[in-house]
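Report on the structure given below.
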């Protein structure tokens, strides 16, 4: 068993080219550091108005909203999400997510294994 206290970790400002409109911060939680473990978990925080561009993952992605008000979107749909909401993006599904203009936003990002993020728009 592994216990992780995410309130004690440090979120670092992201320099990923997929973010725009404000700052986003990523706190790695679990990233395959244990034998046989392929799951990647990060806590991602967005300043108000910060978003990412359309992109894809090579594996499925689960987002679990922990604070604020955010937007999750595909090419077909945009949805406002709040704490307690869980979202699943299929492998290869074009999507984006980020904070609304009037609220910060945070979520856990859970990836089913090593993944390449590909910005598509």
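Among the residues of region 10-24, those that are at pLDDT 80 or above and surrounded by fewer than 17 Cβ atoms within 10 Å (Cβ to Cβ) comprise 20, 21, 22, 23.
Of all strands (runs of 3 or more DSSP E) completely enclosed by region 46-115, which ones contain at least 1 residues that are within 19 Å of residue 29 (Cα to Cα) and in contact (Cβ under 8 Å) with a residue 60 or more places away in the chain? I'd like the intermediate steps shown before the answer.
Values: elements: 61-68, 70-73, 78-81, 86-89, 96-99, 105-111.
Those strands (runs of 3 or more DSSP E) span 105-111.
Failed condition for residue 56, given (1) surrounded by 15 or more Cβ atoms within 10 Å (Cβ to Cβ); (2) under 16 Å from residue 108 (Cα atoms), with all others met? Here residue 56 clears every test but (2).
Have a look at 30, 63 and point out the one that is at pLDDT 95 or above and either in contact with a strand residue (DSSP E or B) (Cβ under 8 Å, 6 or more places away or on another chain) or buried (at least 17 other Cβ atoms within 10 Å of the Cβ) (or both).
Numbers: 30 fails: at pLDDT 95 or above.
Answer to the selection: 63.
The values are calculated or read from the model by the stated rules, or taken from the named source; none is laboratory data. Only a predicted model underlies this, so the values are computations on that prediction, with no experimental measurement involved. In this analysis, Cβ positions are derived from the backbone assuming ideal geometry, glycine residues included, and neighbour counts consider all displayed protein chains.
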